[in-house]
Amino acid sequence: MFSKILYDTRTNKILRCQPKPHGSAPMPSLNGLCKSARISEEEKQYMATTEIEGEMLTNQAQKELMIFNGIAVSKPELIITSDKYKINISNDPTFIITVKLEGKHQPDISSMEMLINEISFNMPLDNYQGSKKIEVEGGTYTIACNDDKFISDSIEVVAVE
């Protein structure tokens, strides 16, 4: 089975993904996908479609795929690690976050927005990798990527006395 993706050519943002209907019905057309995604007539000129193998709905496509040169490809994976996951703050209240992008299609970026407990900070990157030393007080800290261009899991670091 196949699915058709509607995306905005200005931003490469995936707007709709619809699997081929079962039976003899054809794949959805550009106009049909635009109507389903509530794209205005004025905006249709900026829309395009691409097909992928497999059945996928919009939410999953937006989470896992990106448009690269007009083709839907898997998003790069962002691996977040720490040199410590449990910190004794009376000995050393710091830890180092390290990030590394892995994947075939990687955007040309020099930094990315990260979060520690919903507080944003900038992580500089060099050759798709970066690290930052963080000083903390007691508590649990959740570190995550705040950019939907990547597939990423958050990590937790616990600081105790």
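The values are calculated or read from the model by the stated rules, or taken from the named source; none is laboratory data. Everything numeric in this text was worked out from a predicted model, so none of it was measured. Heads up, the Cβs are rebuilt from the backbone with ideal geometry, glycines too, and the neighbour counts pull from every protein chain shown. For accessibility, only protein heavy atoms count, side chains too; no ligands or nucleic acids. Shrake-Rupley method; radii C 1.70, N 1.55, O 1.52, S 1.80 Å.
Please state which one of Ser110, Ser36, Ser90 is among the hydroxyl-bearing types (Ser, Thr, Tyr), within 30 Å of Ser3 (Cβ to Cβ) and at pLDDT below 95.
Ser36
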Are there any pairs with C-beta distances below 9 angstrom linking a residue in the range 18-39 that is farther than 19 Å from Gly54 by Cα to a residue that is loosely packed, with under 11 Cβ neighbours inside 10 Å, with the two at least 6 apart or on different chains, and if so which? Cys34/Ser40; Cys34/Glu41
If we scan the range 72-93, do we find a residue that is of a type in the set (Asp, Glu), over 23 Å from the mean Cα position of the chain (by Cα), assigned to a loop (DSSP other than H, G, I, E, B) and in the same structural domain as Gln18 (by the TED database)? no
Go over the candidates Tyr7, Tyr85 one by one and state the one that is open to solvent by 70 Å² or more (accessible area, probe 1.4 Å) and on the phi < 0 side of the Ramachandran plot. Tyr85
So, first residue loosely packed, with under 13 Cβ neighbours inside 10 Å in the range 46-72, second residue in a loop (DSSP other than H, G, I, E, B) and polar (S, T, N, Q), Cβ within less than 8 Å, six or more apart or across chains; the pairs are Tyr46/Thr9
Among the residues of the range 32-45, which ones are more than 17 Å from Pro21 (Cβ to Cβ), part of a helix (DSSP H, G or I) and open to solvent by 50 Å² or more (accessible area, probe 1.4 Å)? Gln45
Quick check, is Glu51 in contact with a strand residue (DSSP E or B) (Cβ under 6 Å, 6 or more places away or on another chain) and either outside the structural domain of Thr142 (by the TED database) or in a loop (DSSP other than H, G, I, E, B) (or both)? yes
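Of everything in the range 131-158 that's assigned to a strand (DSSP E or B) and in contact with a Lys or Arg (Cβ under 8 Å, 6 or more places away or on another chain), which residue is surrounded by the most Cβ atoms within 10 Å (Cβ to Cβ)?
Kept after step one, since they are assigned to a strand (DSSP E or B), are these residues of the range 131-158: 131-135, 139-145, 151-152, 155-158.
Going one step further and asking which of them are in contact with a Lys or Arg (Cβ under 8 Å, 6 or more places away or on another chain), we end up with 151, 157-158.
Numbers: Ile151: 18, Val157: 20, Val158: 13.
Taking the candidates together, the pick is Val157.
Kindly provide the set of residues from the range 14-28 that are surrounded by 12 or more Cβ atoms within 10 Å (Cβ to Cβ) and more than 16 Å from Lys75 (Cα to Cα), ordered by number. Write out each step before concluding.
Our first condition is that a residue be surrounded by 12 or more Cβ atoms within 10 Å (Cβ to Cβ); within the range 14-28, this holds for 14-20, 27-28.
Scanning the range 14-28 gives Arg16, Gln18, Pro19, Lys20, Met27, Pro28.
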Inspect the range 97-106 for any residue being out of contact with any strand residue (DSSP E or B) (no Cβ under 6 Å at 6 or more places or on another chain), open to solvent by less than 80 Å² (accessible area, probe 1.4 Å) and outside any strand (DSSP E or B) and give the result as yes or no. yes
